[in-house]
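Comments concern the structure below.
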């Protein structure tokens, strides 16, 4: 297993990637903080077994879409875990985080990090 070059990972998701890799059976293979407006943050990972993905799912603050009011303003956050086939790696999963307004994406990342850190 190769060493993950954390210094090369977008600083906005670096801690999230570290925390995901601390979950037994999960190994990240790519990430992006989502720098364009209305982009999403994505961490792609491989799971040694389905139970590792289930473990991650139990640690997330919510799944799907969560609308709420923050300071009287409507905010929508989305957390999903998807699965797809990658030519080079086989089966991979993507943890996808997005928010509207876009600035709340960083708050959502922080919320997921806090839940993962509690483990």
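Nothing in this text is a laboratory measurement; each read-out follows from the coordinates by a stated rule. Here the structure is a predicted model, which is why all the values come from computation and not from measurement. Neighbour counts run over all protein chains shown; Cβ positions are idealised from the backbone, glycine included.
Structure summary
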{"quantity": "Helix 11-21 vs. the chain, principal-axis angle (Cα, 0 to 90°, nearest 10)", "calculated": "50"}
{"quantity": "On Cα atoms only, tilt of 50-59 relative to the major axis of the chain in degrees", "calculated": "30"}
{"quantity": "Residue 14/residue 63 FRET efficiency (R0 22 Å; Cβ-Cβ; nearest 0.05)", "calculated": "0.40"}
{"quantity": "Computed FRET value (nearest 0.05) for residue 49 with residue 73, which takes r as the C-beta separation and R₀ as 41 Å", "calculated": "0.50"}
{"quantity": "Dmax and Rg, reported as Rg then Dmax, of the chain (C-alpha, Å)", "calculated": "14.1, 48"}
{"quantity": "Helix 105-118 axis, angle to the chain major axis (alpha carbon atoms, nearest 10°)", "calculated": "50"}
{"quantity": "At R0 = 35 Å, FRET efficiency that the Cβ-Cβ distance of residue 115 and residue 87 yields, to 0.05", "calculated": "0.60"}
{"quantity": "Ascending count of other beta-carbon atoms within 10 Å, so fewest first, for 49, 7", "calculated": "7, 49"}
{"quantity": "Sorted by Cβ density within 10 Å, fewest first, the residues 62, 45, 104", "calculated": "62, 104, 45"}
{"quantity": "Rel. contact order, % - alpha carbon contacts under 8 angstrom, at least six apart, the stretch 28-119", "calculated": "29"}
{"quantity": "Ranked 113, 38, 8, criterion: other C-beta atoms within 10 Å, fewest first", "calculated": "8, 38, 113"}
{"quantity": "20 Å cut-off, amide nitrogen to a point 7 angstrom out along residue 6 Cα→Cβ, residues in the stretch 75-119", "calculated": "95, 109-119"}
{"quantity": "Expected 222 nm ellipticity per residue - DSSP helices of 4 or more, -39500 (n - 2.57), all of the chain, to 500", "calculated": "-9000 deg cm²/dmol"}
